[in-house]
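**Q** One structure follows; several queries about it will come next.
The values are calculated or read from the model by the stated rules, or taken from the named source; none is laboratory data. Here the structure is a predicted model, which is why all the values come from computation and not from measurement. Every residue, glycine among them, receives a Cβ derived from its backbone with ideal geometry; neighbour counts consider all protein chains shown.
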Amino acid sequence: MRSCPATAVSWTGTGGGQLPAATSSGMDFAIAPPNRPRWRCHQAALAIVLLLALPSIARAGLRPQYGGELVVEGPESPVAPEPWRAWNPLELVLADATSLSLADLGWTPGSSAVEIPADATWPDGTPLTAQDLTQALDQAARNAVVSLPDLSFRADGRTLLIDGASRLTKLPLFSLPWLGVSRGGPFAPSTLAAQPGSPARRPYLDQLRVEVRSGRRLDPPADGVLLTQSGSGGRYVFALVHQGSDAAASVESALARLNRESLARLFLRGFGRLPSGWPLPKLERVRPARQTLVIATDDSERDLRTVAERLQVLLRDRGMSARIVAEPRDAYFSRLSHGDYDLALVALPTAPPWVEAATLARLAAGAPAAARVWAEAMAANGATPARADAPLREVARQVGAVLLYREGGAVSVGSRVMMPAPAVPWRVDLARAWLKPPEAPP
């Protein structure tokens with residue numbers, strides 16, 4: 001039997017050669033043309049090469065890889081180290097990456113109990129108990145900057161029991177970063193290095209690196225993700241008029257003249273829009289307030305400072321003097337809780353509808369009245385509102401909060417980054433993200 005002549009096979013990065021380059025998982029190859037006319041033998045050899053090589057190439061290209069550093073870029077600097085204090089988009093994403101949630105331990109919506117696996121440990125190897133989680137989650141529920149009503153936890157042996165959440169069991173509440181345990185997540189809170197011993201799962205990446213970057217039209221780095229201010233899924237930005245202030249009617253009269261579309265279009269670094277169904281206060285003749293008004297804002301939110309300046313001009317045009325008080329977040333929330341303001345700006349994090357509504361109620365009405373406002377909004381809309389923003393609109397109507405605009409919110413992923421598609425802007429699963437090897441130069 002005569003043997004076929006040898007066929008030269010070469011791998012390239014550009015797919016050169018006489019035959020069309022086969023591309024699988026970013027890897028091209030070319031087969032050099034034969035030197036002899038025995039083309040049938042060469043066809044057979046070519047078929048064998050393709051059959052043997054392509055499956056292995058595809059498998060190698062699709063398999064997640066361990067290692068590497070992922071760049072996480074967002075529009076504002078993270079200032080909150082604990083998950084229950086997360087507020088701006090970058091903080092929410094990092095809280096999700098560095099905290100341990102009940103969903104990580106097997107909790108499913110509708111369940112009132114979580115069985116802690118007997119071999120579960122913290123990243124440092126110490127046993128993880130239901131009592132540990134009870135204390136940590138109670139602390140998170142009490143101190144979260146969002147309002148999580150009717151929640152308490154208790155331990156029964158290896159079981160964590162969840163009390164008082166009957167009206168919220170169908171919401172993805174326990175996957176929210178605000179109810180995370182900061183010491184047990186896939187990445188360490190302080191260094192953002194991978195924690196292989198996390199009860200959640202071992203992340204593919206070795207490290208996260210945070211950078212602040214904002215603008216209207218930005219592209220993510222090849223090895224990173226960018227939390228952009230494009231799209232339409234971001235935070236609601238409200239002007240809270242303190243209803244206990246003597247100047248409340250004067251401030252509302254001034255806001256009735258506000259051009260919100262112009263505000264969102266001209267004075268934001270990112271994208272802002274005005275959802276339908278959010279009216280301004282009624283325009284009424286009111287004598288301007290004589291005292292100097294206080295406009296409160298979080299000093300880590302640059303866009304809100306710009307908006308505060310525009311509202312300051314608006315009030316001045318109506319004959320009222322106002323000063324802007326921009327403070328660190330803890331001092332800012334303390335000012336809101338004590339009612340020490342006439343007008344405050346709040347960018348409400350994206351959350352399930354009833355969590356958003358409860359948070360606005362607490363911020364605008366104060367803790368004593370928040371439960372009543374929230375309960376009335378629940379009664380008006382039912383457990384499953386017809387519109388996703390219906391609970392928030394009802395609370396805003398009760399407490400006199402004026403929606404200025406809704407921020408843009410989206411996630412752009414770099415060309416080397418492989419990760420699950422985020423369902424909402426703050427839910428970015430960095431524990432399952434991995435980096436493809438860089439492409440070889442041509």
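Residue by residue, here is whether (1) aromatic (F, W, Y); (2) at pLDDT below 80; (3) not in a helix (DSSP H, G or I) holds:
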| position | (1), (2), (3) |
| --- | --- |
| S337 | no, no, no |
| A357 | no, no, no |
| R372 | no, yes, no |
| E376 | no, yes, no |
| P385 | no, yes, yes |
| V395 | no, no, no |
| R427 | no, yes, yes |
| A431 | no, no, no |
| P442 | no, yes, yes |
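**Q** For region 61-75, how many residues meet the condition of being surrounded by 19 or more Cβ atoms within 10 Å (Cβ to Cβ), modelled with pLDDT under 90 and out of contact with any helix residue (DSSP H, G or I) (no Cβ under 6 Å at 6 or more places or on another chain)?
**A** Summing the residues that are surrounded by 19 or more Cβ atoms within 10 Å (Cβ to Cβ), modelled with pLDDT under 90 and out of contact with any helix residue (DSSP H, G or I) (no Cβ under 6 Å at 6 or more places or on another chain) in region 61-75 gives 1.
**Q** Report the residue count in region 317-329 for those that are part of a helix (DSSP H, G or I) and surrounded by 13 or more Cβ atoms within 10 Å (Cβ to Cβ).
**A** Number satisfying all stated conditions: 1.
**Q** If you check A141 against the conditions, is it out of contact with any Lys or Arg (no Cβ under 7 Å at 6 or more places or on another chain), closer than 30 Å to T297 by Cα and modelled with pLDDT under 85? Walk me through how you get there before you give the answer.
**A** On the way: out of contact with any Lys or Arg (no Cβ under 7 Å at 6 or more places or on another chain): yes; closer than 30 Å to T297 by Cα: yes; modelled with pLDDT under 85: yes.
When the stated conditions are applied, A141 passes them.
**Q** Let me confirm something: among V346, V294, V313, which residue is of a type in the set (V, I, T) and either closer than 26 Å to A388 by Cα or modelled with pLDDT under 85 (or both)? Spell out the reasoning first.
**A** Numbers: V294 fails: either closer than 26 Å to A388 by Cα or modelled with pLDDT under 85 (or both); V313 fails: either closer than 26 Å to A388 by Cα or modelled with pLDDT under 85 (or both).
V346 is the lone residue from the list that is of a type in the set (V, I, T) and either closer than 26 Å to A388 by Cα or modelled with pLDDT under 85 (or both).
**Q** Shifting gears a bit: If you check F271, F267, which single one turns out to be surrounded by 21 or more Cβ atoms within 10 Å (Cβ to Cβ), of a type outside the set (D, E) and more than 25 Å from E394 (Cβ to Cβ)? Break it down stepwise before answering.
**A** On the way: F267 fails: surrounded by 21 or more Cβ atoms within 10 Å (Cβ to Cβ).
From the options F271, F267, the qualifying one is F271.
**Q** In region 272-291, what residues are hydrophobic (A, V, I, L, M, F, W, C) and at pLDDT below 85?
**A** Once the filter is applied, which keeps residues that are hydrophobic (A, V, I, L, M, F, W, C) and at pLDDT below 85, region 272-291 yields L274, L283, V286, A289.
**Q** Still on this structure: Is at least one residue of region 133-153 aromatic (F, W, Y), touching a residue at least 24 places away in the same chain (Cβ under 8 Å) and more than 30 Å from P221 (Cα to Cα)?
**A** No - not one qualifying residue is present in region 133-153.
**Q** Let me ask something else about it. Can you find a residue that is in contact with a strand residue (DSSP E or B) (Cβ under 8 Å, 6 or more places away or on another chain), in a loop (DSSP other than H, G, I, E, B) and farther than 30 Å from L227 by Cβ anywhere in region 277-286?
**A** Within region 277-286, one or more residues are in contact with a strand residue (DSSP E or B) (Cβ under 8 Å, 6 or more places away or on another chain), in a loop (DSSP other than H, G, I, E, B) and farther than 30 Å from L227 by Cβ.
**Q** Are any residues in region 88-107 out of contact with any helix residue (DSSP H, G or I) (no Cβ under 9 Å at 6 or more places or on another chain) and not in a helix (DSSP H, G or I), and if so, which ones?
**A** Across region 88-107, the qualifying residues are N88, G106.
**Q** Filter region 103-116 for residues that are out of contact with any strand residue (DSSP E or B) (no Cβ under 6 Å at 6 or more places or on another chain) and at pLDDT below 85; which is nearest to S198 (Cα to Cα)?
**A** D104
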